[in-house]
Amino acid sequence: MKKLLLLVVIAAFISCDDIFEKKIERYTVEIIAPYSGASLKSGNVVFSWNALDGATKYRLTLATPSFDNALQIVEDAEISVIDSVPTSIYSHSLNLSEGVYQWCVQAQNFNYSSKKQIYDLTIAD
């Protein structure tokens, strides 16, 4: 009986993430910059977004010319949330050359991922 109780307690702790993880799958990450359809000069581009409550990391993905017809996945970066340094804005910099791109940021935690919203970006000289 004691072994069964111990197994139940261990199973409860193992699945605590399932119980306490915030369901973020209904939400999209709010983008700050660059806005969809932006046209920027080549060079350093800073992608910025607002934090989403319940996220433990973010995945920024950038493709050219589009996700549906990708010739190249230019970036697929995971940006971790650091609990000891709370912030409301996250960003990631990339050096981009002339071209047409699509990008998205998706919030994630152990069990859930937010919705993807795809943004268009043109880099011109």
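If you check 102, 106, which single one turns out to be in contact with a Pro (Cβ under 9 Å, 6 or more places away or on another chain), at pLDDT 95 or above and farther than 17 Å from residue 44 by Cβ? Let's see the steps before the verdict.
Working: 106 fails: in contact with a Pro (Cβ under 9 Å, 6 or more places away or on another chain).
The unique qualifying residue is 102.
The set of residues in region 77-111 that are in contact with a Lys or Arg (Cβ under 7 Å, 6 or more places away or on another chain), of a type outside the set (A, V, I, L, M) and either crowded, with 17+ Cβ neighbours inside 10 Å or within 12 Å of residue 62 (Cβ to Cβ) (or both) comprises 104, 106, 108, 109.
Which residues, taken from region 93-116, are under 11 Å from the mean Cα position of the chain (by Cα) and of a type in the set (Gly, Ala, Ser)?
Here is the first cut: in region 93-116, the residues under 11 Å from the mean Cα position of the chain (by Cα) are 103-109, 113-116.
Listed by number, the residues that qualify are 107, 113, 114.
Taking every residue in region 55-83 that is touching a residue at least 24 places away in the same chain (Cβ under 8 Å) and pairing it with any residue that is of a type in the set (S, T, N, Q) and in a strand (DSSP E or B), at least 6 positions away or on another chain, the pairs with Cβ-Cβ distances below 6 Å are 57/80; 57/108; 59/106; 63/102; 64/72; 66/102; 67/102; 74/64.
So that you can scan it fast, the table gives a plain yes or no per residue for (1) of a type in the set (A, V, I, L, M, F, W, C); (2) at pLDDT 95 or above:
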position	(1), (2)
28	no, yes
32	yes, yes
44	no, yes
67	yes, yes
76	no, yes
81	yes, no
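Taking the stated definitions as given, is residue 48 closer than 25 Å to residue 23 by Cα, in a strand (DSSP E or B) and of a type in the set (Ser, Thr, Tyr)? Yes; evaluated as a whole, the condition is true for this residue.
The values are calculated or read from the model by the stated rules, or taken from the named source; none is laboratory data. Note that the coordinates shown come from a computational prediction; the quantities given were computed from them, not determined experimentally. All Cβ positions, even for glycine, are placed from backbone atoms using ideal geometry, and neighbour counts span all protein chains on display.
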